[in-house]
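Report on the structure given below.
The values are calculated or read from the model by the stated rules, or taken from the named source; none is laboratory data. Predicted model only: the values in this text are computed from it and were never measured. Positions of Cβ are backbone-derived with ideal geometry, glycine not excepted, and every protein chain shown enters the neighbour counts. Side chains are part of the model used for accessible areas, which takes the heavy atoms of the whole protein and leaves out ligands, DNA and RNA. Shrake-Rupley method; radii C 1.70, N 1.55, O 1.52, S 1.80 Å.
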Amino acid sequence: MITFDQKLVESLNNWKVNEWPVGNLILCLSALVLSIILVGAVGIEREKRGRSAGLRTHLLVGVGSCIIMMISIYGFPEVFSDHRDVARLAAQVITGVGFLGAGAIMHRNSGVKGLTTAGTIWVAMTIGIACGSFNFIIALVGTVLILLVLTLFKKVESKISRDSPTITIVASTDEPILGKIIKVSKTFDCTIHGISTSPVEGAEDNVEVTFQAIFNSGEERLNEYLSELEKETKAKNIHLLSHR
């Protein structure tokens, strides 16, 4: 089946002016401009949220991926066309951007951060590849879906995380913290899962406890629950883990 994009590419590839492939130039310029617009939309969303990888980072990844994909298609002499694999450079880009995305992920006392930003860096690359391979419709639809995930689905994620939040508490080792967590949780009809403890680096008299709390009643009492935990455990620090 021939798609609209393929028909457009075929028409422009065959368009020449005095033997000059003007159509190819227009096609490549269109791909670059479209990648800037689409990837820029994702980058602006990250920029507004103050993430470590913002507009410029996403544009560099997306436009760079687009250029590499076009080089894979047009950048080699015809004498090598029988031995050319246009997907080879794209595969290398996917691997390389994976390492770049990993660099955006940080683990701090407040939890793992940067997972979503790492994901947007990766999808910026896919948008760039889609534009560079002249799959414009896929690039457009993909960008719309990505923006919907980053905006609308954030509300859904927030609702889910409030029903079953992952909490970390830093308290003194002199306090029977596990027993007090269980006591408070029973009061709030809350079930504890995946509880783990670890010493706090640089403060041997403190312990960090992480667990998931599931409210069986479904009633919104998270703030009360956190407040009671802080009071009972005499917590020095208490917060929800997130993966922004």
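Working from label points 7 Å from Cα in the Cα-to-Cβ sense, the F153 to A91 distance is 2.8 nm.
Please arrange S35, S11 by accessible surface area, largest first, computed with a 1.4 Å probe and ligands excluded.
On the way: S35 0, S11 75 Å².
The most accessible residue leads, giving S11, S35.
Measuring with a 1.4 angstrom probe and ignoring ligands and nucleic acids, D174 comes out at about 130 Å² accessible. Dipole of the stretch 169-226 computed with +1 at Lys/Arg Cβ and -1 at Asp/Glu Cβ about the Cα centre; of C190, T173, L222, farthest Cα towards the positive end is C190.
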